[in-house]
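Working notes, structure below.
The values are calculated or read from the model by the stated rules, or taken from the named source; none is laboratory data. Here the structure is a predicted model, which means the values were calculated and not measured. Cβ placement follows ideal geometry from the backbone for every residue including glycine, while neighbour counts extend to all protein chains displayed. For accessibility, only protein heavy atoms count, side chains too; no ligands or nucleic acids. Shrake-Rupley method; radii C 1.70, N 1.55, O 1.52, S 1.80 Å.
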Amino acid sequence: HDRQRPKLDVYDSHLFLAVYAVRLEPGSDILRSTEIDVFVTRQALVTVRENDGFDIDEVVKAWDSRPQLAGNGVGYLLYGLLDQVVDGHFDIVQALDGQIEELEDRLFDDTPPGSDLQRHAFALRKNLVGLRRLVLPMREVLAALLRRDLHVVEPALAPYYQDVFDHVLRVTEWTDSLRDLVSNIRETHLSQQGYRLNTIMKKITGVAAVVAVPTMVFGFYGQNVPFPGSEQPVGFWTSTIVTALAC
């Protein structure tokens, strides 16, 4: 079945791994994933990929770049594949970190950020949640492969697998911290909106208080009943002076 959770299944004749490569669509914030199913036997490694979103040629180049390790057999091939996949995760979380820094800078621009910042923050959080869902189970996969009873990782390869495991931990922690950072950005944006609204309301309230004074005075003098100063210049000057002093 496709679209399974990243995992490692152990069978009598082989191992089965399900992992995911990720990438950002060029010119957009959409995170795409490619499922890679891996069958590992003692003498062969077979990958089944759902689309061409993962460049297997880069894996072949990585295999060819370290011929001294090729003598370790299928374990080396599996290491090269997992290393490329996890490096892709690392590149994505680094790109998302850069986008979050841009959001932080926009928060304190002279021009108030609009609704597009909120939409971008939601898109980033969605990508981080999706990335975490694919990266977090990789810890279990690498930890299981490092078990000696599987006889997949030769002693010479153990440091290399441990390095991949450390990268998985870093990506997981980095993803969690970025999720918290996006939440803080959203809260800061809402706080700024509330602060601007309070400032505007203060100005409107001040103007309304000033306008209330002439409204009261002129409304009183506009009554259709006789009173001292009615229809006389003194009444006009009295109302004008009272209005000016009260304002």
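Loop only by DSSP, 12 or fewer other Cβ within 10 Å of the Cβ. Give me the trypsin sites (Lys or Arg not before Pro) in the stretch 9-114 that pass, ordered by residue number. The qualifying sites are Arg42. The apolar share of the surface of the chain, taken as the fraction of accessible area on carbon and sulfur atoms (1.4 Å probe, ligands and nucleic acids excluded), comes to 56 percent. Checking every one of the GluC sites (Glu not before Pro) in the stretch 141-247 against DSSP loop status and a limit of 14 other Cβ atoms within 10 Å picks out Glu231.
With a Förster radius of 35 Å, plug the Cβ-Cβ distance of Lys126 and Ala208 into 1/(1 + (r/R0)^6) and report the FRET value to the nearest 0.05. Present the calculation step by step, with values, prior to reporting the outcome.
Values: r = 43 Å, r/R0 = 1.22.
It comes to 0.25.
The length gained on full extension between Gln94 and Leu190, counted as 0.36 nm times the residue separation minus their Cα-Cα distance, comes to 32.0 nm. Restricted to Cα atoms, the stretch 14-120 shows a radius of gyration and a Dmax of 18.9, 63 angstrom. FRET efficiency for Asp87 and Ser13, Cβ-Cβ distance as r, R0 = 22 Å, nearest 0.05? Calculated value: 0.15.
Given a cut-off of 26 Å, what percent of all Cα-Cα pairs of the chain lie beyond it? Don't jump to the answer; show the numbers that get you there.
Numbers: 17531 of 30381 pairs.
It works out to 58 percent of all Cα pairs.
Computed over protein heavy atoms with a 1.4 Å probe, the accessible surface of the stretch 16-73 works out to 57 Å² per residue.
Taking 0.36 nm per residue of sequence separation and removing the Cα-Cα distance, the Leu24/Glu101 pair yields an extension gain of 26.0 nm. Loop-located chymotrypsin sites (Phe, Trp or Tyr not before Pro) across the stretch 52-124 with a Cβ neighbour count of 15 or fewer within 10 Å are Phe108, with loop assigned by DSSP.
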